[in-house]
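K.L.:
Please see the structure below; I have some questions.
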Amino acid sequence: MNATSANPERVRMQKFKSIILITAMLIACVGCGGTATPAGSTTTQPGSTTTPAASALTAAGSTKANDTDQSIIYSKGDKSTQDWQSFQPAQEDYLQDEHSSNFIRGGGAITGSGAVINFSGTGITWIGKKGPQYGIASYSIDGGAPKTVDNYNSTEIAQNPDVTVSGLSPDSHVLSISLLDQKHSLSVGYWQTIDAFNIDGSPLTRSQGTAAGFNSAELVFKGTWQGGLVSDGSDLSGGHYWSNETNASISWTFNGSLIEVFGRPDYEDGYMDVYIDTDPNPVASVNGHWGSSDDDTLNSYMLFAVKLTPGQHTIKVVVAGRHDNRARDNYVQIDEFIAFQ
């Protein structure tokens, strides 16, 4: 579980992005019944660093959340690897900043960096970019069946409505976005950008929900688990637990209608089965395999989410004792459970 060095492709793409920006300036200075559709268009690309979080009211009952808003949880790398890069100033972006990533790795069920936004409302639009260096992303609502959006375009389009989801129940939801190791044949990269989100409602931060992570007294363990703190800030809860013992489990009883599980996909990870309440059958079997190196470069990643009837529930994550034919072992690595009303 050691770190790797930063991806040189990312450095090359930062230079490529800067060239695009200068050129443009010279030329012309799914799970809850909702429907999701990739969306339309609007101009160019970045620079470098970070800005404060921001949400702004737009039309009545709606909110625009900037890419730095605390409701967004980005997957994290380790001491030497970044999953997402923050670019600023970028005059073409909302509030002149963005988070972008080109961090993909084939060979596993999970192939790229991810981000989620929690919100309360009936719809959401992901504002990103299209361009010649953009790839294909996966997205889903409340852990439902994933859909894909191809953000390749021959010219760069800023503040583009990449995906719009509507018709949701008026309560808590989570939109997840993950990079895929897939792209249009003409694309020169796998980049994805999060510039902002337009929400028919309001964003939800982690502090507006309840959570149980490393060292939480509310977690119930069966079987053999190990755990430890991390010093690089790559876990949401400050540490994580891991086990490869078949049928070992972690349970948490919570109140809410939306539950999410965050963990650490890696080369040695296999399947985890997820149970809710007293149902003897798992509601999901999640493959945590990422890549072909045991280097902990994809952390704080949402592995599972589901909507439930409001009230008290118990979630149990179980080591299934199996892995796909490219993974090294059967490990399950758990960082934090988060629930929203």
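The values are calculated or read from the model by the stated rules, or taken from the named source; none is laboratory data. Since this is a predicted model, take the numbers as computed values, not measurements. Positions of Cβ are generated from backbone atoms using ideal geometry, with glycine treated the same way; all protein chains shown enter the neighbour counts. The area values use the complete protein model at the heavy-atom level, side chains included, leaving out ligands, DNA and RNA. Shrake-Rupley method; radii C 1.70, N 1.55, O 1.52, S 1.80 Å.
K.L.:
For residues in segment 204-229 being open to solvent by 40 Å² or more (accessible area, probe 1.4 Å) and among the β-branched types (Val, Ile, Thr), which is nearest to residue 245 (Cα to Cα)?
P.N.:
By that ranking, first place goes to 224.
K.L.:
Right, another one. Considering only residues of segment 146-159 that are among the polar types (S, T, N, Q) and under 14 Å from residue 189 (Cα atoms), which is least open to solvent (accessible area, probe 1.4 Å)? Talk me through it step by step, then tell me what you get.
P.N.:
So the first thing to find is which residues in segment 146-159 are among the polar types (S, T, N, Q), and the list is 148, 151, 153-155, 159.
From what's left, under 14 Å from residue 189 (Cα atoms): 151, 153-155.
Numbers: 151: 0, 153: 45, 154: 86, 155: 81 Å².
Among residues in segment 146-159 that are among the polar types (S, T, N, Q) and under 14 Å from residue 189 (Cα atoms), the one least open to solvent (accessible area, probe 1.4 Å) is 151.
K.L.:
In addition: Only one of 143, 128 is crowded, with 23+ Cβ neighbours inside 10 Å and assigned to a loop (DSSP other than H, G, I, E, B); which? Talk me through it step by step, then tell me what you get.
P.N.:
Details: 128 fails: assigned to a loop (DSSP other than H, G, I, E, B).
Unique residue meeting the criteria: 143.
K.L.:
Among the listed residues 325, 330, identify the single one that is in contact with a Gly (Cβ under 7 Å, 6 or more places away or on another chain) and at pLDDT 95 or above. Let's see the steps before the verdict.
P.N.:
On the way: 325 fails: in contact with a Gly (Cβ under 7 Å, 6 or more places away or on another chain).
Of 325, 330, the one residue that is in contact with a Gly (Cβ under 7 Å, 6 or more places away or on another chain) and at pLDDT 95 or above is 330.
K.L.:
Moving on to the next point. Does residue 227 satisfy being out of contact with any helix residue (DSSP H, G or I) (no Cβ under 9 Å at 6 or more places or on another chain), at positive phi and in a strand (DSSP E or B)? Lay out the reasoning, then the answer.
P.N.:
Values: out of contact with any helix residue (DSSP H, G or I) (no Cβ under 9 Å at 6 or more places or on another chain): yes; at positive phi: no; in a strand (DSSP E or B): yes.
So residue 227 fails the test.
K.L.:
Oh, and also: Need pairs with beta-carbon distance below 7 Å; first residue among the acidic types (Asp, Glu) and within segment 262-291, second open to solvent by 20 Å² or more (accessible area, probe 1.4 Å) and assigned to a strand (DSSP E or B); sequence gap 6+ or separate chains.
P.N.:
268/331; 269/331; 273/285; 277/314
K.L.:
State all residues of segment 273-291 that are under 20 Å from the mean Cα position of the chain (by Cα), of a type in the set (S, T, N, Q) and surrounded by fewer than 18 Cβ atoms within 10 Å (Cβ to Cβ); if no residue qualifies, say none.
P.N.:
The answer is 285, and nothing else.
K.L.:
Now, a different point. Does residue 160 qualify as being more than 19 Å from residue 257 (Cα to Cα), polar (S, T, N, Q) and under 20 Å from the mean Cα position of the chain (by Cα)?
P.N.:
Values: more than 19 Å from residue 257 (Cα to Cα): yes; polar (S, T, N, Q): yes; under 20 Å from the mean Cα position of the chain (by Cα): yes.
Considered against the rule, which asks whether it is more than 19 Å from residue 257 (Cα to Cα), polar (S, T, N, Q) and under 20 Å from the mean Cα position of the chain (by Cα), residue 160 comes out as yes.
K.L.:
Oh, and also: Mind checking whether some residue in segment 296-316 is over 25 Å from residue 117 (Cα atoms) and charged (D, E, K, R)?
P.N.:
Taking segment 296-316 as the starting set, the residues that turn out to be over 25 Å from residue 117 (Cα atoms) are none.
Scanning segment 296-316, I find no residue that is over 25 Å from residue 117 (Cα atoms) and charged (D, E, K, R), so the answer is no.
K.L.:
Quick check: anything in segment 187-198 farther than 28 Å from residue 341 by Cα and of a type in the set (A, V, I, L, M)? Give the derivation first.
P.N.:
Initial filter on segment 187-198 (farther than 28 Å from residue 341 by Cα): 187-193.
Add one more test, that the residue is of a type in the set (A, V, I, L, M), and what stays is 188.
Checking segment 187-198: at least one residue is farther than 28 Å from residue 341 by Cα and of a type in the set (A, V, I, L, M).
K.L.:
Could you run through segment 250-260 and say how many residues are closer than 16 Å to residue 207 by Cα and assigned to a strand (DSSP E or B)?
P.N.:
5
K.L.:
Among the residues of segment 265-284, are any assigned to a strand (DSSP E or B), aliphatic (A, V, I, L, M) and touching a Gly at 6+ places or on another chain (Cβ under 7 Å)? So that I can check it myself, show each step before the final result.
P.N.:
Initially, segment 265-284 is screened for residues assigned to a strand (DSSP E or B), giving 266, 269, 271-276, 284.
Those still in the list that are aliphatic (A, V, I, L, M) too: 272, 274, 276, 284.
Of the ones still in play, those that are also touching a Gly at 6+ places or on another chain (Cβ under 7 Å) are 272.
Yes, segment 265-284 has at least one match.
K.L.:
Within segment 160-169, restricting attention to residues that are among the small types (Gly, Ala, Ser) and assigned to a loop (DSSP other than H, G, I, E, B), which residue is most open to solvent (accessible area, probe 1.4 Å)?
P.N.:
Kept after step one, since they are among the small types (Gly, Ala, Ser), are these residues of segment 160-169: 166-167, 169.
If we keep only those that are assigned to a loop (DSSP other than H, G, I, E, B) as well, we get 167, 169.
Numbers: 167: 56, 169: 38 Å².
Result: 167.
K.L.:
So which residues in segment 184-215 are over 30 Å from residue 315 (Cα atoms) and either touching a Gly at 6+ places or on another chain (Cβ under 9 Å) or not in a loop (DSSP other than H, G, I, E, B) (or both), if there are any at all? Steps first, please.
P.N.:
We begin by selecting, within segment 184-215, every residue over 30 Å from residue 315 (Cα atoms); these are 184-196, 198.
Residues satisfying the conditions are 184, 187, 189, 190, 191, 192, 193, 194, 195, 196, 198.
K.L.:
Can you tell me which residue in segment 76-101 is farthest from residue 304 (Cα to Cα), limited to those that are touching a Phe, Trp or Tyr at 6+ places or on another chain (Cβ under 7 Å) and open to solvent by less than 10 Å² (accessible area, probe 1.4 Å)? Break it down into steps so the answer makes sense when it comes.
P.N.:
Initially, segment 76-101 is screened for residues touching a Phe, Trp or Tyr at 6+ places or on another chain (Cβ under 7 Å), giving 83-84, 97-101.
Retained after the next criterion (residues that are open to solvent by less than 10 Å² (accessible area, probe 1.4 Å)): 83, 97-98, 100-101.
Details: 83: 19, 97: 29, 98: 26, 100: 23, 101: 21 Å.
Here the residue is 97.
K.L.:
Here's another thing I want to ask about it. Determine, yes or no, whether residue 138 is at pLDDT 95 or above, of a type outside the set (A, V, I, L, M, F, W, C), within 17 Å of residue 301 (Cα to Cα) and in contact with a Ser or Thr (Cβ under 7 Å, 6 or more places away or on another chain).
P.N.:
Details: at pLDDT 95 or above: yes; of a type outside the set (A, V, I, L, M, F, W, C): yes; within 17 Å of residue 301 (Cα to Cα): yes; in contact with a Ser or Thr (Cβ under 7 Å, 6 or more places away or on another chain): yes.
Yes; evaluated as a whole, the condition is true for this residue.
K.L.:
Which of the residues spanning segment 66-122 are closer than 28 Å to residue 270 by Cα, in a loop (DSSP other than H, G, I, E, B) and of a type in the set (A, V, I, L, M, F, W, C)?
P.N.:
84, 103, 109
K.L.:
Kindly indicate whether any position in segment 107-120 is on the phi > 0 side of the Ramachandran plot, at pLDDT 95 or above and over 18 Å from the mean Cα position of the chain (by Cα). Don't jump to the end; show me each part of the working.
P.N.:
Just the residues of segment 107-120 that are on the phi > 0 side of the Ramachandran plot, to begin with: 107.
After this cut, where a residue has to be at pLDDT 95 or above as well, the list is none.
No, because not a single residue in segment 107-120 is on the phi > 0 side of the Ramachandran plot, at pLDDT 95 or above and over 18 Å from the mean Cα position of the chain (by Cα).
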